[in-house]
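What follows is a short report on a single structure.
Read-outs throughout are calculated quantities, based only on the coordinates presented, and are distinct from any laboratory measurement. Since this is a predicted model, take the numbers as computed values, not measurements. When we count neighbours, we look across all protein chains shown, and the Cβ atoms used for this are built from the backbone with ideal geometry, even at glycine.
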Amino acid sequence: MRHSIALSLFTVVLLFTGASLAYGPKFMVELKTDRQGGDYKQFATSGLERCISACGIQATCKAFTYVRRNGQPPNYNNPKPICWLKNSVPGKRSDNCCTTGVKR
């Protein structure tokens, strides 16, 4: 129980600080970060884990951007978060809308 509470608090701290963290051996995940460009596929998803998994199994995928529902552009009609798979690693910029991952 104490371990799960500590892990939850650690996750909250990471979300609010915009930190980067390693996600397994394949990805460096960057919270509160967007990488625009290089998109070759997009899909609605139920969560970040599915976006990471989709990029991880495709050789073409070099990076991804996961856009939460609340961070969508004003004219975006899809109610679910969107995963954008990228065939390059575009420059990054700070943005609360997104979480980005880059393959190592």
Footprinting exposure proxy for Glu49, Glu30 (fewest neighbouring C-beta atoms within 10 Å first): Glu49, Glu30
Counted charge near Thr60, where neighbours are those whose Cβ lies closer than 14 Å (Asp, Glu -1; Lys, Arg +1): +3
Cut-off 14 Å between beta-carbons: net charge of the residues surrounding Asn87, Lys and Arg +1, Asp and Glu -1: +4
Ser46 paired with Thr60, simple spin-label distance in nm, labels 7 Å along Cα-to-beta-carbon: 2.5 nm
Distance in nm between pseudo-label sites at Lys103 and Val89 (7 Å out along the Cβ direction from Cα): 1.1 nm
Positive minus negative residues near Thr33 (Lys, Arg vs Asp, Glu; Cβ under 9 Å): +1
Extended-chain gain in nm, criterion 0.36 nm per residue less alpha-carbon gap, Arg68 and Gln36: 10.0 nm
